[in-house]
Amino acid sequence: MKHWALFLLLAIGCNVWQIEAEFFTSIGQMTDLIYVEKDLVKSLKEYIKAEESKLTEIKSWAEKMDQLTHTSTSDPEGYLGHPVNAYKLMKRLNTDWLKLESLVLQQTSDAFIANLSIQRENFPTDEDESGAAKALLRLQDTYRLDSESISKGKLPGAQHVVSLTVEDCFELGKIAYNDGDYYHTVLWMQQTLRQLGEGESSVVTQAEALDYLSYSVYQMGDMQRAIELTKRLIAVDPTHLRAKSNLHYFKKLLHEEGQSDQRMDEEFYQSQSKKEVDMRPDNYISERDSYEALCRGEGIKMTTRRQSRLFCRYHNNNNHPRLIIAPIKEEDEWDSPHIVRYHEMLSDAEMEKIKEIAKPMLARATVRNSVTGILETANYRISKSAWLADDEYPVVNRVNKRIGDITGLEMETAELLQVANYGVGGQYEPHFDFSRRPFDSNLATLGNRLATFLNYMSDVPAGGATVFPDFGAAIYPKKGTSVFWYNLFKSGEGDYRTRHAACPVLVGSKWVSNKWIHERGQEFKRPCGLTEVD
């Protein structure tokens with residue numbers, strides 16, 4: 001029992017399952033945790049086996065001694081009258097029982113605890129757990145998923161279905177509450193009560209969930225319902241002092257607003273408890289609504305007329321030497337601004353090699369502060385990225401040359417190949433690829449970001465589309481393909497229609513790599529137009 005207590009204390013003390021805002025943004029890196037856990041399970045099994053072996057030996061000794069003492073105590077003097085019995089009694093008490101004591105005190109858990117201590121360095125933190133929870137809430141909003149569907153693991157494209165327990169739902173609600181997000185607190189405390197009402201056993205009580213729920217409903221401005229939920233809380237736990245205080249306070253506020261408080265029967269309480277609060281936080285702006293709608297496949301403006309102007313073709317870039325024999329498949333994705341997709345751009349071997357190189361280098365992606373011009377992390381860009389130089393890696397050099405061959409643009413002034421991996425809820429909210437003031441310091445020599453070449457290096461079962469809210473386009477990831485568009489007009493002015501977003505990954509892991517191509521060196525490859533918007 002001593003060893004198990006020590007193990008439990010260690011497990012509780014190190015918070016084994018927590019997933020951070022930094023860590024959860026890369027499925028590629030999170031896969032390492034799977035093997036960490038597998039190693040711990042193996043170590044734990046070895047510990048259990050050693051404990052079972054020790055207990056078997058102790059049990060055998062106990063059974064043997066039980067039989068012996070039964071005989072000896074039935075006639076002590078007669079038993080000790082035999083000299084061999086007398087000798088063996090002395091030997092057992094002087095030697096054998098000491099050996100048993102050593103066996104009982106033997107630390108079979110040492111190897112497991114040592115391994116646990118080593119692996120603890122790889123464990124995520126409190127911030128990780130909070131980040132993963134907020135990712136779930138973000139997915140719930142973007143794809144309009146109800147709490148029950150998420151709790152039961154009913155997600156489109158999901159292969160490994162897993163459900164949330166009452167404790168899981170309650171913790172999601174608490175994390176939202178601690179973040180001042182009362183909207184999601186209400187949703188997840190309601191789900192907690194729903195699963196408790198269905199008979200699921202849990203250490204979480206109805207009173208605990210109702211406590212958070214009633215106050216969150218009050219914070220969202222529904223005073224009448226807050227009162228009814230608080231009454232229900234008092235009915236469940238008559239000793240709840242804070243609930244009684246809140247009830248008095250809520251009634252006072254309601255009275256000041258000139259409304260009456262009518263006592264309602266239990267049937268009404270039950271019907272009220274099943275109602276969902278249909279309110280969203282105040283920071284939801286119209287652009288986010290249109291962006292999230294596109295992520296769900298709603299509001300896409302691909303009309304029949306526009307579709308008729310889109311074609312597929314073999315592209316050899318005006319008989320480029322490396323594309324004459326093996327032209328690439330080019331497909332129009334959008335007419336204006338013109339966006340094209342190139343099929344079979346990257347081979348499986350190339351994609352796996354790029355991932356292999358980038359994985360140990362992945363770090364939280366940054367954005368440039370529009371006021372200070374300083375690179376920093378931001379909640380609206382949640383992914384991990386790495387920058388790969390073509391002079392260090394032959395596969396990157398080969399891909400960069402291919403991009404140059406296809407686009408006909410100069411690669412010498414382009415940025416390094418950026419590899420990004422999006423994990424749980426990974427996204428990049430609407431943004432421009434081209435720079436606005438204050439400009440990057442390198443724009444004086446390299447010019448602005450003229451064009452974007454985006455490679456999809458994985459299929460995504462659900463979510464993860466690249467969407468353009470301005471003109472209602474949604475482009476879905478397809479492994480091995482690439483999409484290309486110009487960020488600037490030929491005049492050098494930014495094309496504000498190209499504001500785009502990477503939708504949250506609902507199911508799967510999204511790997512992309514992109515090449516930002518700059519203005520300098522393109523003077524004769526993409527000459528200026530006659531007007532500002534050519």
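Near E333, the amide H atoms lying under 5 Å from its own belong to I339, V340, R341; only residues 5 or more places off or on other chains count, and H is placed 1.01 Å from N.
Computed from label points 7 Å out along Cα-Cβ, the spacing between R322 and Y35 is 3.3 nm. Relative protection proxy for 117-127, 471-481, from highest mean packing down: 471-481, 117-127 (other beta-carbon atoms within 10 angstrom).
Taking amide H as placed 1.01 Å from N in the peptide plane, the amide H of V505 sits under 5 Å from that of G425, G426, G464, each at least 5 places away or on another chain.
The chymotrypsin sites (Phe, Trp or Tyr not before Pro) found in region 498-534 that occupy coil by DSSP, while having at most 16 further C-beta atoms within 10 Å, are F524. In this structure, E352 and V533 have a Cβ-Cβ separation that, at R0 = 45 Å, corresponds to a calculated FRET efficiency of about 0.60.
Sequentially through region 348-362, phi angles give Karplus couplings (6.51, -1.76, 1.60; θ = phi - 60°) of 4, 5, 5, 5, 5, 5, 5, 4, 4, 5, 6, 3, x, 9, 4 Hz, Gly and Pro residues having no value and appearing as x. Working from Cα pairs under 8 Å separated by at least six residues, relative contact order for region 390-534 is 36 percent.
Of the peptides 407-414, 226-233, the order by per-residue mean of other Cβ atoms within 10 Å, starting with the highest, comes out as 226-233, 407-414.
Between I48 and D75, the distance separating the two model label sites (each 7 Å from Cα on the Cα→Cβ line) works out to 4.8 nm. Applying both filters, DSSP loop and at most 16 other Cβ atoms within 10 Å, to the GluC sites (Glu not before Pro) of region 153-204 gives E198, E200. Work out the FRET efficiency for K401 and K244 from their Cβ-Cβ distance, taking R0 = 60 Å, and round it to the nearest 0.05. For K401 and K244, the calculated efficiency is 0.20. In this structure, the amide hydrogen of S435, modeled 1.01 Å from its nitrogen in the peptide plane, lies closer than 5 angstrom to those of R449, counting only residues at least 5 positions away or on a different chain. Shown in residue order for region 295-306 are the 3J(HN,Hα) couplings computed by the Karplus curve 6.51 cos²θ - 1.76 cosθ + 1.60 at θ = phi - 60°: 4, 7, x, 9, x, 6, 9, 8, 7, 4, 5, 5 Hz (x for Gly and Pro). Here each label is just a point 7 Å from Cα along the line to Cβ, and for I118 and Y314 those points are 5.7 nm apart.
Sequentially through region 189-205, phi angles give Karplus couplings (6.51, -1.76, 1.60; θ = phi - 60°) of 6, 5, 5, 4, 5, 4, 6, 5, x, 7, x, 5, 6, 6, 7, 6, 9 Hz, Gly and Pro residues having no value and appearing as x. Applying a threshold of 26 Å to the alpha-carbon distances of K384/K525; K45/K154; K401/K478; K45/K510; K401/K479; K152/K359 flags K384/K525; K45/K154; K45/K510; K152/K359 as lying beyond it. Here the extension length gained between T304 and Y496 equals 66.6 nm, from 0.36 nm per residue of separation less the Cα-Cα distance. Put simply, when 53-61, 177-185 are sorted by average Cβ atoms within 10 angstrom per residue, most first, you get 177-185, 53-61.
Each reported figure results from applying straightforward, stated rules to the coordinates on display, with no laboratory input. All of these numbers come straight from a predicted model, not from anything done at the bench. When we count neighbours, we look across all protein chains shown, and the Cβ atoms used for this are built from the backbone with ideal geometry, even at glycine.
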